[in-house]
Amino acid sequence: MLCNILNEEEGGIFMQKKERGQWGSRFGFLMAAAGSAVGLGNIWRFPYLAGKNGGSAFILIYIFFVIVLGISVMLTEFTIGRRAESAAVGAYKSVSKNWTFAGFLGVLTAFLIMGYYPVVGGWSLAYIFKSATGLLSQPDAIGDGFGAFITGTYEPLLFVLLFMAANIIVVVKGVAGGIEKAAKILMPLLFLLLIVIIGRGLTLEGAGAGMDFLLKPDFAAAMKGDVILTAMGQAFLSLSLGMGAMITYGSYLKKDEHMPSNAVFVSGLDTLVALMAGVAIFPALFAFGFEPDAGPGLVFVIVPMVFAKMGVIGTLFSILFFTALFVAALTSTVSLLEVVTAYFIDEHGASRQKTVIAISVVMTIFCAVSSLSLGGTMPALPFFGVGMFDFLDILTDKVFLASGGVLVTIFAGWVIKKDELKNEITNNGTMEFKLFNVWYTLVKYIIPVLVAAVAFAGMMAIEQKEVLYAGFAIIAGLAIFSKKL
Ligand code: PHE
């Protein structure tokens, strides 16, 4: 009973500003932030991008962007969030009402990503069961089976529902009691699963070719303009930047946390897991004679085919692999759900329980439309010329995340006072940050230009220009109307 009351208090029913959620421990925060960062982006997207774009050459370019851009933007987001002790909207609003729209853009981006990302989360959950129930017994049917599954009507919907239910269970319990607790268990589990899978892959005969692919750069394949852009976009997506997730997570940080080292740790861990996913997949892939450039189907088609060739033990490894994918996806969607939830709690004093359930229901409806847009029996509901799934993917990845990244750095470099940033990061001079000036120069002058250039090029390359125009119309609408909210 007492426990319930306390929970409700944390949930916001009796909430005052001072009683916002806070991380219980440094380790808990690091696991939660790394949980947000490590997601489908690392295990599903990174390996196939590397496979298509020159292996280690792509990886080197990616690491360059993580170091020059990713760590700095992450530190910027932590700082903005902790300074305001408020999630994305409140953090911008507390400095300038003219910037509230940037916070809304973040919340909207999180909401829209939650309109399709959980669909893929549902697939990973489904593949845990499918692995256990004979997926691997007919290796030749794996490719067609995947196509049939994702274009089906009810089966993917069922798994979206289950996946969203898992999100609700975690986020309803709050920052320390839900998100942090789950991350402290799930992240080490994910790490362990990957290590086991890597162990198997590396000891296969012929695995060396896969390691060669990962270690010997093919610069000819990577030195194309769009590959460089892809690497930078991937850095943003993978580190959960540009949409307020790290602002929100930073807002629950205690004042005596050293944010620069936290940003380095989270970015480093995220990169490590992406590399581990590569080492988990490529050696086994090469050992069984598959090509590395399969594209988005790599994880759901080629990887099970590889496991099918391992005999009985393959079933076990397939279950472990899709469990890892599920865990990675879950800790990321939890952070997206939290971005939207925190907005309603901070700005409207809403109850956590009610908010989480209400917005999850709306998100699930979006996911259902996204899933059906891939080919279910419902009417396809064309959305700006593409299906809902692709619409949300392009809109968020290519338009909103990049815009959010430019906005957050301009905001830190040109709107907040330099001294204020310094005081926040060093906790009024009690903590050292020797590279402050390097970071500040990057954030003020270099990153906005770099990201804007990439964003512009990326947007020009969008074939469905309607999506681009819709995106800009939304941003303009937010800029005009958000001052009144
Ligand atoms: N970083 C996550 C991934 O790699 C995706 C994500 C983006 C999560 C933005 C939260 C916020 O899959």
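The values are calculated or read from the model by the stated rules, or taken from the named source; none is laboratory data. Computed from a predicted structure; not experimentally measured. Here the Cβ positions follow ideal geometry from the backbone for every residue, glycine too, while neighbour counts run over all protein chains shown. These area figures cover heavy atoms from the full protein model, side chains too; ligands, DNA and RNA do not enter into them. Shrake-Rupley method; radii C 1.70, N 1.55, O 1.52, S 1.80 Å.
Near the amide H of THR153, within less than 5 Å, lie the amide hydrogens of THR377, all on another chain or at least 5 residues away, with H placed in the peptide plane. Please grab the % of Cα pairs in the stretch 210-342 that end up more than 18 Å from each other. That fraction is 67 percent. Close amide H pairs (under 5 Å, H built 1.01 Å from N) link GLY174 with ILE179, residues at least 5 positions away or on another chain.
How large is Rg/Rh for the stretch 49-94, to two decimals, with Cα atoms and a Kirkwood Rh?
Values: Rg = 15.9 Å, Rh = 12.4 Å.
Rg/Rh for the stretch 49-94 comes to 1.28.
For the chain, the longest principal axis of the alpha carbon atoms and the long axis of helix 465-481 meet at an angle near 20°. Taking all protein chains together and rolling a 1.4 Å probe, THR430 ends up with roughly 100 Å² accessible. For THR203 and PHE481, what does the FRET efficiency come to when R0 = 60 Å and r is the distance between their Cβ atoms, rounded to the nearest 0.05? The value I calculate is 0.55.
A straight line joining the Cα centroids of the stretch 326-365 and the stretch 79-136 runs 8 Å.
Order the following by accessible area, largest value first: ILE313, ILE179, ILE365. Probe radius 1.4 Å; ligands, DNA and RNA are ignored.
Solvent-accessible surface, decreasing: ILE365, ILE313, ILE179.
Largest first, the three principal axis extents of the alpha carbons in the chain are 59, 51, 45 Å in whole numbers.
Per-residue ellipticity at 222 nm from helix content only, as computed over the chain with -39500 (n - 2.57) for each DSSP H run of at least four residues, stands at -21500 deg cm²/dmol. For the stretch 78-93, the Karplus equation 6.51 cos²θ - 1.76 cosθ + 1.60, evaluated at θ = phi - 60°, returns couplings of 4, 5, 4, x, 5, 4, 8, 6, 8, 6, 3, 4, x, 5, 6, 4 Hz by residue, with Gly and Pro reported as x. Under a 5 Å amide H cut-off, with hydrogens placed 1.01 Å from N, VAL386 pairs with nothing among residues at least 5 apart or on other chains. Full extension of the chain between LYS434 and ALA453 yields a length gain of 3.9 nm, computed as 0.36 nm times the residue separation minus the alpha carbon distance. Note on LYS422 and LYS354: the model spin-label points, each 7 Å out from Cα along the C-beta direction, lie 4.6 nm apart.
The 3J(HN,Hα) values that the Karplus relation (6.51, -1.76, 1.60; θ = phi - 60°) gives for the stretch 264-276 are, in residue order, 5, 5, 5, 5, x, 5, 4, 5, 4, 5, 4, 5, 4 Hz. Gly and Pro appear as x. At full extension, LEU158 and ASP144 could sit 3.0 nm farther apart than now, given 0.36 nm per residue minus the alpha carbon distance. When both the stretch 410-449 and the stretch 290-319 are represented by their alpha-carbon centers, they are found 45 Å apart. Here the Debye sum runs over all C-alpha atoms of the stretch 97-220 as equal scatterers in vacuum, and log10 of I(q)/I(0) at q = 0.13, 0.23 Å⁻¹ comes out as -0.89, -1.27. Panel values: the stretch 431-485, Kirkwood radius from alpha carbon pairs, Stokes-Einstein at 37 °C and 0.692 mPa s, translational diffusion coefficient 233 µm²/s. Summarising the overall dimensions of the stretch 127-169 from its C-alpha atoms, the Rg and Dmax are 12.1, 38 angstrom. Accessible surface ranking for GLU205, GLU257, GLU85, 1.4 angstrom probe, highest first: GLU205, GLU85, GLU257.
With a 1.4 Å probe and all protein chains left in place, how much of the accessible area of the chain comes from carbon and sulfur atoms, in whole percent? Carbon and sulfur atoms account for 68 percent of the accessible area of the chain. Distance check, please: which entries in LYS181/LYS434; LYS254/LYS417; LYS97/LYS418; LYS173/LYS417; LYS52/LYS309 exceed 26 angstrom between their Cα atoms? Those over the limit are LYS181/LYS434; LYS173/LYS417.
In the stretch 272-335, the alpha-carbon atoms span a convex hull of 84 Å³ per residue.
Note on SER261: accessible area approximately 50 square angstrom, rounded to 10, probe 1.4 Å, nucleic acids and ligands left out.
Taking the Cα atoms only, what angle lies between the long axis of helix 181-202 and the longest principal axis of the chain, rounded to 10 degrees? Relative to the chain, helix 181-202 is tipped by roughly 30 degrees. Here the calculated FRET efficiency for LEU316 and LYS255, from their Cβ-Cβ distance with R0 = 60 Å, stands at 0.85, rounded to the nearest 0.05. Annotation: ILE462 carries an accessible surface of approximately 10 Å², with a 1.4 Å probe and no ligand, DNA or RNA atoms counted.
Would you rank LEU60, LEU193 by solvent-accessible area, highest first, keeping every protein chain in place and using a 1.4 Å probe?
Accessible-area ranking of LEU60, LEU193, largest first: LEU60, LEU193.
Histogrammed with a bin width of 10 Å, the alpha carbon distances of the stretch 340-471 distribute as 11, 24, 27, 26, 11, 2, 0 percent, first bin at zero.
Cross-link list LYS184/LYS465; LYS398/LYS444; LYS255/LYS354: which exceed 32 angstrom alpha carbon to alpha carbon?
Values: LYS184/LYS465 42 Å; LYS398/LYS444 22 Å; LYS255/LYS354 30 Å.
Flagged as over cut-off: LYS184/LYS465.
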